Amino acid sequence: MECRSIRINAPGEVEIIRTEIPAPGKDEALLKVLYGGICGSDLSSYRGTFAYFDYPRIPGHEFSAEIVEIDEENAYGLKEGMIVTCNPYYNCGKCYSCQRGLVNCCEHNETLGCQRDGAFSDYVVMPLERIYDGKGLPARTLALIEPFCISYHGVKRADLKAGDKVLVIGAGTIGILAAMAAKEQGGEVTICDVAQGKLDLARGFGLDQFILNHGDGTFADQVREATGANGFDVVIEAVGLPSTFENCIEAAAFGGKIVLIGVGKENLDFNFTMIQKKELNIFGSRNARKEDFEQLIELVRGGGVDLEKVVTDEYPFEEAERAFREFSENAGKMLKVVIRFAG
């Protein structure tokens, strides 16, 4: 029986290949993939602009699946037939970060679909320790847990206080999910983007204010108006461009916090003395941890966040090439694009 996989061979070139179904080894399970989400990093890989991608590569690290083969005498309570999601960030377990428990920023991290082949296949094998019971959540919703984890982990880095004025720069999926996480933690949340279409989509998520960055020098004025001239207590960067990092420096209040979630490839030449002058606290945020997955599965189960609202488009497996192409062409009008693998 064949296993179909989606592979990016070069920028702009997607094909469906056929291989053998992988065989699970010790402490592994065979999973049948149900849904996969096209992440911003997958889209950047398709465009040739992602920092952590080599060609050819099977993309995909946000997904849900059904366990189809497993040793049920395992220590994790996992059983055949369970609908699950997975932690796709492989850490080495030996570096200084791993020794301190900071496995999400392992010095030798390999993320599915980035530094190693990903989950956009009919079947994948995963280590048992990376598989999490979906606790009854629908399969499509479970595929959204991983991107929510990226945003949630970043927001947690800022240690939000209720009433903090938060600006999220970037109204893509990760930005909107970060805004939702910040709202859930008690922040007063403003979201900013250069695309009016993205802001229009963001208006359906109960946020407090919206800033359209025209790129004409009025951004600082809009920040002053939104904050009573004080600046934002927390600014979250969810784009990955030099200009959006500079926006963060400009928008943050004196003594404020900046969290960098976006990933980019470009260098930046800027007046770094502003960091000292404002006494800014700048945090990087990479990947997520097991506890993030577990906490968010429970949060979504409890009705705290409606993740399905971020899905704007769904494509069947057979139309993967069209999914990537249309997402690339219409990114300003689309949020989460998912691929339906089974059924």
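The values are calculated or read from the model by the stated rules, or taken from the named source; none is laboratory data. Every value quoted in this text rests on a predicted model; they were computed, and no experiment measured them. Virtual Cβ from ideal backbone geometry, glycine too; neighbours counted across all protein chains shown. Ligands, DNA and RNA are stripped out before the accessible areas are found, and what is left, the full protein with its side chains, is counted by its heavy atoms. Shrake-Rupley method; radii C 1.70, N 1.55, O 1.52, S 1.80 Å.
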I need the full set of residues from segment 240-253 which are part of a loop (DSSP other than H, G, I, E, B) and open to solvent by less than 50 Å² (accessible area, probe 1.4 Å), in order please. GLY240
Report, ordered by the first and then the second residue, all pairs with beta carbons closer than 7 Å, sequence separation of six or more or different chains, a first member in segment 301-325 that is farther than 21 Å from SER44 by Cα, and a second member that is surrounded by 15 or more Cβ atoms within 10 Å (Cβ to Cβ) and hydroxyl-bearing (Ser, Thr, Tyr). LEU307/THR141; GLU308/THR141
Mind listing whichever residues of segment 15-41 are in contact (Cβ under 8 Å) with a residue 24 or more places away in the chain and outside any strand (DSSP E or B)? ILE21, PRO22, ALA23, PRO24, GLY25, ASP27, CYS39, GLY40, SER41
Would it be correct to say that GLY256 is under 30 Å from ASP313 (Cα atoms), among the small types (Gly, Ala, Ser) and either surrounded by fewer than 22 Cβ atoms within 10 Å (Cβ to Cβ) or at pLDDT 95 or above (or both)? no
Among the residues in segment 87-109, are any part of a strand (DSSP E or B), under 29 Å from LEU201 (Cα atoms), touching a residue at least 24 places away in the same chain (Cβ under 8 Å) and open to solvent by 10 Å² or more (accessible area, probe 1.4 Å)? no
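Counting only residues that are surrounded by 17 or more Cβ atoms within 10 Å (Cβ to Cβ) and not basic (Lys, Arg), give me the strands (runs of 3 or more DSSP E) lying completely in segment 263-343 with at least 3 of them. Before the answer, list the steps.
Numbers: elements: 281-284, 311-316, 336-340.
Once the strands (runs of 3 or more DSSP E) in segment 263-343 are filtered for at least 3 residues that are surrounded by 17 or more Cβ atoms within 10 Å (Cβ to Cβ) and not basic (Lys, Arg), what remains is 336-340.
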By my count, strands (runs of 3 or more DSSP E) wholly in segment 118-172 with at least 3 residues that are open to solvent by less than 30 Å² (accessible area, probe 1.4 Å) are 123-127, 165-169
Going through segment 45-67 in order, the residues found to be of a type in the set (Asp, Glu), open to solvent by 20 Å² or more (accessible area, probe 1.4 Å) and in a strand (DSSP E or B) are GLU66
When you check GLY231 against the structure, is it at pLDDT 95 or above, in contact with a Leu (Cβ under 8 Å, 6 or more places away or on another chain) and open to solvent by less than 50 Å² (accessible area, probe 1.4 Å), yes or no? no
Some residue of segment 7-14 being over 19 Å from the mean Cα position of the chain (by Cα) and without any contact (Cβ under 8 Å) to a residue 12 or more places away in the chain: yes
Per-region count, segment 185-198, residues modelled with pLDDT of 95 or more and not in a loop (DSSP other than H, G, I, E, B): 6
Mind checking which pairs have a first residue in segment 61-77 that is within 23 Å of GLU146 (Cα to Cα) and modelled with pLDDT of 95 or more and a second that is surrounded by 13 or more Cβ atoms within 10 Å (Cβ to Cβ) and of a type in the set (Lys, Arg), Cβ under 6 Å, 6 or more apart or different chains? ALA65/LYS32; GLU66/LYS32; VAL68/LYS32
Return the pair list, or none, for Cβ contacts closer than 8 Å from residues in segment 202-213 that are touching a residue at least 12 places away in the same chain (Cβ under 8 Å) to residues that are of a type in the set (S, T, N, Q) and exposed (fewer than 15 other Cβ atoms within 10 Å of the Cβ), at least 6 apart or on different chains. LEU212/GLN196
Considering every residue within segment 213-222, establish whether at least one is open to solvent by less than 60 Å² (accessible area, probe 1.4 Å) and either among the β-branched types (Val, Ile, Thr) or in a strand (DSSP E or B) (or both). yes
Within segment 150-184, the residues that are closer than 16 Å to GLY206 by Cβ and β-branched (Val, Ile, Thr) are VAL155, VAL166, VAL168, ILE176
